[in-house]
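Since the structure comes first, as structure tokens, the remarks are kept for the end.
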Amino acid sequence: MLLTKSQVIEVLKGVIYFAKGDNIVNLGMIDDFETGEDEVKLRIVFPRLDEPAVNIVSNSAKKAIQDAFGAHVEVKITPVSEKEKGRGPLAGVRNIIAIASGKGGVGKSTVAANLAIALARSGAKVGLVDADIYGPSVPMMFGIGDEQPGVYEREGKPTIIPIEKYGIRLLSIGFFVDTDKALIWRGPMATSALNQLLRDADWGILDYLVIDLPPGTGDIQLTLAQSYSITGAIIVTTPQKVAFADVIRAAAMFRQEKLTIPLLGLIENMAYFSPSDMPEKQYFIFGKGQGETFANQLGIPLLGQIPLVESISASGDGGSPIALDENSPVTKAFDKIALEIKRQIP
């Protein structure tokens, strides 16, 4: 039986790629498509090849074709990654680094913003995504709350142009919602917003795309881990043991067999207090050595200890992250962390 492409395409429209919520034909995932006498050869393009969906979708496509045209039809499916094809808005992003925390209030967004600044200061090309859907803070921390990203049409669909400031390309859900009102979204709406920030934006060529995740272990974290090629995750904690109890859960999520995102290390925020008039003084008001103990328990490096200083809050509120101040001890701490990350990720 001579099969035509149009016949096979109609059948493949019934194969859903659930990570994007549509069928593989509409999503443009079909590539190098050939049909013949009782034979179908095609390649299916996935965001990454180590996700469970690769086998699921490939097997579903094969079954759909054989169910429609007979079990004797030979079906050869080759999965390829978007990176191999040079496709996708993230094709030019070399490394994606997720900044996570087990609980809120540990300064995760402050760490993400200042780490992005430190990486950019080191000469890297850097982007920052504020994926903290329920508490976006990047617009305020970078002083761009009144700005709106540009939009242009690419391949027939609108594409977002990230705002650039301090040499960093920035996008936040805060640009698209009224931050004065409570954001009441169910999981699918939140993950759809994340996919728009990542897939519907023109990120260009980047060495590092830093993603500020919401606290905890919810839908955003799972979507990111399952649908994107993450280079590694960094866990942020404060020295209190109650914070570390939640860190253990966050680390365990990234170490699940089906996710397996490398943990690059732990950052201990608010490790000690240094008064502005005596910056050489260190007061360990939450306990000394906790960060190192926590990192050892998790079996990951302690990337750095960020001091608690008065200016760190004022700089963030004023739209000028403290890592821009070359004389601050906080900047030196972030510069050290940036160098360690670049050492781990050549």
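The values are calculated or read from the model by the stated rules, or taken from the named source; none is laboratory data. Bear in mind the structure is a predicted one, so any value in this text is a computation, not a measurement. All Cβ positions, glycine included, derive from the backbone under ideal geometry; neighbour counts span all protein chains shown.
Things worth noting here:
- Elements of type helices (runs of 4 or more DSSP H) contained in segment 220-327, each with 2 or more residues being at positive phi: none
- For residue 51: the one exception among (1) in contact (Cβ under 8 Å) with a residue 60 or more places away in the chain; (2) part of a helix (DSSP H, G or I); (3) of a type in the set (Asp, Glu): (2)
- Residue satisfying all of: in segment 84-133; charged (D, E, K, R) and touching a Ser or Thr at 6+ places or on another chain (Cβ under 7 Å); surrounded by the fewest Cβ atoms within 10 Å (Cβ to Cβ) among these: 132
- Among the residues of segment 19-63, those identified as polar (S, T, N, Q) and out of contact with any Leu (no Cβ under 8 Å at 6 or more places or on another chain) are 26, 55, 58, 59, 60.
- Complete set of residues in segment 7-34 that are more than 27 Å from the chain's Cα centre (by Cα) and crowded, with 18+ Cβ neighbours inside 10 Å: 8, 11, 12
- Only residues that are at pLDDT below 85 and not aliphatic (A, V, I, L, M) were counted across segment 23-72, and they come to 8.
- Look at (1) more than 28 Å from residue 207 (Cβ to Cβ); (2) at pLDDT below 85 and you find that residue 90 fails only one, number (1).
- Within segment 69-98, being assigned to a helix (DSSP H, G or I) and more than 30 Å from residue 129 (Cα to Cα) holds for one residue alone: 69.
- Of all the residues in segment 121-134, those that are outside any helix (DSSP H, G or I), in contact (Cβ under 8 Å) with a residue 24 or more places away in the chain, of a type outside the set (Val, Ile, Thr) and within 16 Å of residue 334 (Cβ to Cβ) number 3.
- The residues of segment 135-164 that are surrounded by 17 or more Cβ atoms within 10 Å (Cβ to Cβ) and without any contact (Cβ under 8 Å) to a residue 24 or more places away in the chain amount to a single one, 163.
- Condition broken by residue 83, with the remaining ones in (1) under 24 Å from residue 48 (Cα atoms); (2) in contact with a helix residue (DSSP H, G or I) (Cβ under 9 Å, 6 or more places away or on another chain) satisfied: (2)
- For segment 32-56, a residue qualifies if it is under 18 Å from residue 76 (Cβ atoms) and of a type in the set (A, V, I, L, M), and the qualifying residues are 40, 42, 44, 45, 49, 54, 56.
- When residues of segment 313-339 are limited to those that are under 16 Å from residue 122 (Cα atoms) and among the acidic types (Asp, Glu), the one surrounded by the fewest Cβ atoms within 10 Å (Cβ to Cβ): 326
- Taken residue by residue, segment 54-68 has no member that is in a strand (DSSP E or B) and either outside the structural domain of residue 196 (by TED's automatic domain parsing) or under 29 Å from residue 252 (Cβ atoms) (or both).
- Test: residue 106 is in the same structural domain as residue 129 (by TED's automatic domain parsing) and assigned to a loop (DSSP other than H, G, I, E, B): yes
- If you check 265, 299, 287 for being surrounded by 13 or more Cβ atoms within 10 Å (Cβ to Cβ) and either of a type in the set (Asp, Glu) or under 30 Å from residue 228 (Cβ atoms) (or both), only one passes: 265.
- Residue check, residue 180 part of a loop (DSSP other than H, G, I, E, B), modelled with pLDDT under 90 and farther than 29 Å from residue 20 by Cβ: yes
- Filtered by the rule that a residue be in contact (Cβ under 8 Å) with a residue 40 or more places away in the chain and not in a loop (DSSP other than H, G, I, E, B), segment 1-15 gives 7, 8, 11, 12.
- So residue 207, is it in contact with an Asp or Glu (Cβ under 8 Å, 6 or more places away or on another chain), at pLDDT 90 or above and of a type in the set (D, E, K, R): no
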